[in-house]
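Below you'll find the structure, written out as structure tokens, and then a few comments.
The values are calculated or read from the model by the stated rules, or taken from the named source; none is laboratory data. In this text, all values refer to a predicted model and were calculated from it rather than measured experimentally. Here the Cβ positions follow ideal geometry from the backbone for every residue, glycine too, while neighbour counts run over all protein chains shown.
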Amino acid sequence: MQALRAALLRFADDGSALYDEDGLLVIGPDATGQKVVRAAGAYSALHANYPGVAIEHLPGRIIAPGFIDLHVHFPQTDVIGSPAEGLLPWLEDYTFPHEARFSDPAYARGMASFFLDELQRNGVTTALAFCTSHPHSVDALMEEAERRRLRLVAGKVLQDRNSPDGVRDETEQSLIDTETLIRRWHGRGRLGYAITPRFAPSCSEAQLRGAGELAARYPDTWIQSHVAENKEEIRWARELFPASRSYLAVYQDFGLMRERAIYAHCIHFDDADRALMRDTGAAAAVSPTSNLFLGSGFFDYEGARRIGFRHGLASDVGGGTSFCPFHTMLAAYCVGREGQTKPGISLSPQNLWWQHTAGAAQALGLDGVVGNLQPGCEADFVVLDPRATPLLARKTTHARNLDELLFSLIVLADDRAVERVVVDGLAR
Ligand code: GUN
Ligand code: ZN
């Protein structure tokens, strides 16, 4: 067993933050050998229960759950910051040509390593990731995540039409490859597989139908795709699938809406779409830096709350501009202020942080497993230095309560504040 003494941030079941200014986190193996949180709370209440355990004291530091990135593209690490008129030209001009380079397995392996370094440096310990349409891109990412003992869910992109040579796959083979990858990787250690139709316009009906059949045959796999991101894209999806009630309903019509289905963006929804998300247990991966960079629009937080469907935060690198969870939370705050409903809402710092940790875990169906530091949760966490930069130090020193402290970090912190990242009980 190991124990750390520092300020400790966790989340209650209702999403509110629990904070011990002088906290203790005790880590040890569970019955299966998995390193988990054995105890978490006030140092004064807990330390006497662990007489033989060495306690590492980290004065002035904050221990918090590792962040969860609900939607990120590992092959788009080098696409960050590519300007375009909007989503569709961005895909054509930058993203597809770049993803075609992943036909080379050695290139894919090199990028997998750099990508996971970047996630971990920023304190992200769980991600739901797109690979490319090349099956070996999944092997590259999974092998590297397994070596690092990271909890990662990923999948091979399905795109059998409206896609250029180099990334377009073939319907039947793409489904065979998906099933082979599910059998190879899903449930192996801390890894999971996500069935990954890129978005409805890039998939034939036969490919979507096949994806839905696999989702039914392997009900604890994840599903990930994009929806209702951009007005042009929506017009195109509606033209290609005129029988469906809405763009989102295309996925429902092919059996792709269920728990563990995560849809990126979900911006241009009506209330029937929101109710479909709620009723099927699907979740939105809100990607504010991407939506601002590509000019896609603003996620409607008021609508999501009013109807009540699951949502959490995502970088959406490379449409997104940063791997840094602090930058994503700040962008989400700004997007909430804009909203589609005026005057917008002021998301609380506790809620922003929850959306990138325990709330994201709930969206993945992994609540109680990752994204929190309650007893039984896996031992993935970060040690933050609230004095990492001069301005952050001034601001956090003057914080009068937890909300002010968390808001200071959301607005001013970056990877310099992430002093230590612990994955499966081991510091990196
Ligand atoms: N829609 C289809 N593919 C993509 C992608 O790679 N990024 C984003 N942001 N939207 C998409
Ligand atoms: Zn995306």
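Of note:
- Matching residues, the range 2-22, being crowded, with 18+ Cβ neighbours inside 10 Å, touching a helix residue (DSSP H, G or I) at 6+ places or on another chain (Cβ under 6 Å) and among the small types (Gly, Ala, Ser): Ala17
- Taken together, Arg161, Arg209, Arg168 contain a single residue that is over 30 Å from Val418 (Cβ atoms) and part of a helix (DSSP H, G or I), which is Arg209.
- None of Ile223, Ile262 is closer than 17 Å to Leu158 by Cβ, touching a helix residue (DSSP H, G or I) at 6+ places or on another chain (Cβ under 6 Å) and buried (at least 24 other Cβ atoms within 10 Å of the Cβ) except Ile223.
- Whichever residue in the range 149-200 is small (Gly, Ala, Ser) and farther than 18 Å from Phe115 by Cβ and, among such residues, is surrounded by the most Cβ atoms within 10 Å (Cβ to Cβ): Ala200
- Residues of the range 221-263 classified as aliphatic (A, V, I, L, M), assigned to a loop (DSSP other than H, G, I, E, B) and at negative phi, total: 3
- Filtered residue count, the range 70-81, keeping only those that are within 18 Å of Glu229 (Cα to Cα), away from ligand 1 (no atom under 11 Å from the Cβ) and either surrounded by 21 or more Cβ atoms within 10 Å (Cβ to Cβ) or polar (S, T, N, Q) (or both): 1
- Verdict on Arg183 being of a type in the set (Lys, Arg) and either assigned to a loop (DSSP other than H, G, I, E, B) or closer than 24 Å to Asp367 by Cβ (or both): no
Here is a yes/no grid of residues against (1) at pLDDT 95 or above; (2) within 16 Å of ligand 1 (Cβ to nearest atom); (3) among the small types (Gly, Ala, Ser); (4) closer than 21 Å to Ala12 by Cβ:
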site	(1), (2), (3), (4)
Gly319	yes, yes, yes, no
Ser322	yes, yes, yes, no
His327	yes, no, no, no
Tyr333	yes, no, no, no
Pro349	yes, no, no, yes
Gln355	yes, no, no, yes
Ala358	yes, no, yes, yes
Ala361	yes, no, yes, yes
Val369	yes, no, no, yes
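- Pair list, Cβ < 6 Å and 6+ apart or interchain, from the range 62-86 residues that are closer than 15 Å to Ser290 by Cα and assigned to a strand (DSSP E or B) to residues that are modelled with pLDDT under 95 and within 14 Å of ligand 2 (Cβ to nearest atom): none
- Only one of the numbered conditions (1) over 22 Å from Thr357 (Cα atoms); (2) in contact with a helix residue (DSSP H, G or I) (Cβ under 6 Å, 6 or more places away or on another chain); (3) surrounded by 22 or more Cβ atoms within 10 Å (Cβ to Cβ); (4) not aliphatic (A, V, I, L, M) is violated by Tyr94, and that is (3).
- Output for the range 201-220, where each listed residue is surrounded by fewer than 19 Cβ atoms within 10 Å (Cβ to Cβ) and within 24 Å of Glu92 (Cα to Cα): Ser204, Glu205, Ala206
- For the range 250-259, the set of residues classified as surrounded by 20 or more Cβ atoms within 10 Å (Cβ to Cβ) and farther than 13 Å from Trp222 by Cα consists of Val250, Tyr251, Gln252, Phe254, listed by residue number.
- All conditions but one from (1) touching a Ser or Thr at 6+ places or on another chain (Cβ under 9 Å); (2) part of a loop (DSSP other than H, G, I, E, B) apply to Gly189; the one that does not is (1).
- From Tyr263, Tyr301, residue being within 18 Å of the chain's Cα centre (by Cα) and away from ligand 2 (no atom under 16 Å from the Cβ): Tyr301
- Flag if Thr95 is of a type in the set (Val, Ile, Thr) and without any contact (Cβ under 8 Å) to a residue 60 or more places away in the chain: no
- Spans of helices (runs of 4 or more DSSP H) in the range 264-310 with at least 3 residues within 12 Å of ligand 1 (Cβ to nearest atom): 288-293
- Per-region count, the range 107-143, residues away from ligand 2 (no atom under 16 Å from the Cβ) and assigned to a loop (DSSP other than H, G, I, E, B): 3
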